[in-house]
Amino acid sequence: MSDEPVEDGETFLDNARIKARHGKSHAAPDAWVAGEDSGIEVAALGGRPGVESARWASDGVARLLSALAGVENRRARYVCALVVVAPGGDEITASGTLEGDIALEPRGTEGFGYDPIFVPLGQTATVAELGNAWKVEHSHRAKAASGLGEALAER
């Protein structure tokens with residue numbers, strides 16, 4: 001595609017749907033097309049950066065750590081929404097979350113985005129320290145993909 005959709009939805013699901021429908025408008029009529037949107041929601045920031053996670057700052061990690069300086073409640077969650085548009089136009093959706101807390105400083109080298117400061121519940125290491133192999137099984141995207149697989153199997 002030579003153009004990209006405008007991600008102006010209010011939710012991750014809205015933006016995933018925008019992407020899937022945009023892709024579908026450029027695809028062959030018999031194609032299945034998927035759209036995904038994900039990000040991080042921080043309780044102390046009223047759920048921000050939310051759908052603006054990727055555009056929140058050139059260095060979202062530094063901005064988030066600065067915004068949480070001195071804040072005790074560091075609860076956060078990663079969110080992923082998936083939308084698949086079938087050849088006939090039906091939509092199948094799934095979502096996944098990963099609950100956790102924001103660390104006081106970045107740790108680890110794997111992953112991307114907010115992974116160096118996101119500590120999943122039940123863990124002491126950040127996602128960047130846990131690594132990509134861990135993410136494949138436990139991330140918000142892995143949970144959404146699993147849910148999508150189940151929804152497709154029920155069709």
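The values are calculated or read from the model by the stated rules, or taken from the named source; none is laboratory data. Since the structure is predicted, the reported quantities are computational estimates derived from the model, not experimental observations. In this analysis, Cβ positions are derived from the backbone assuming ideal geometry, glycine residues included, and neighbour counts consider all displayed protein chains.
What the table below lists for this structure:
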{"quantity": "Single residue of 58, 25, 2 found to be under 23 Å from residue 148 (Cα atoms) and of a type in the set (Ser, Thr, Tyr)", "calculated": "25"}
{"quantity": "In the stretch 37-52, the residues that are out of contact with any Phe, Trp or Tyr (no Cβ under 9 Å at 6 or more places or on another chain) and part of a strand (DSSP E or B)", "calculated": "42"}
{"quantity": "Among (1) part of a loop (DSSP other than H, G, I, E, B); (2) of a type in the set (Ser, Thr, Tyr); (3) closer than 22 Å to residue 108 by Cβ - the single one residue 2 does not satisfy", "calculated": "(3)"}
{"quantity": "Tally, over the stretch 17-40, of residues that are in contact with a helix residue (DSSP H, G or I) (Cβ under 8 Å, 6 or more places away or on another chain) and either free of Cβ contacts under 8 Å to residues at least 12 places away in the same chain or surrounded by fewer than 15 Cβ atoms within 10 Å (Cβ to Cβ) (or both)", "calculated": "1"}
{"quantity": "Scope the stretch 29-58; condition over 18 Å from residue 96 (Cα atoms) and modelled with pLDDT of 95 or more; matching residues", "calculated": "30, 31, 32, 33, 44, 45, 46"}
{"quantity": "Residue 7 part of a loop (DSSP other than H, G, I, E, B) and charged (D, E, K, R)", "calculated": "yes"}
{"quantity": "Cross-chain or 6+ apart pairs with Cβ under 8 Å, the stretch 1-16 first and polar (S, T, N, Q), then outside any loop (DSSP other than H, G, I, E, B) and surrounded by 10 or more Cβ atoms within 10 Å (Cβ to Cβ)", "calculated": "11/51; 11/81; 15/35; 15/37; 15/51; 15/81"}
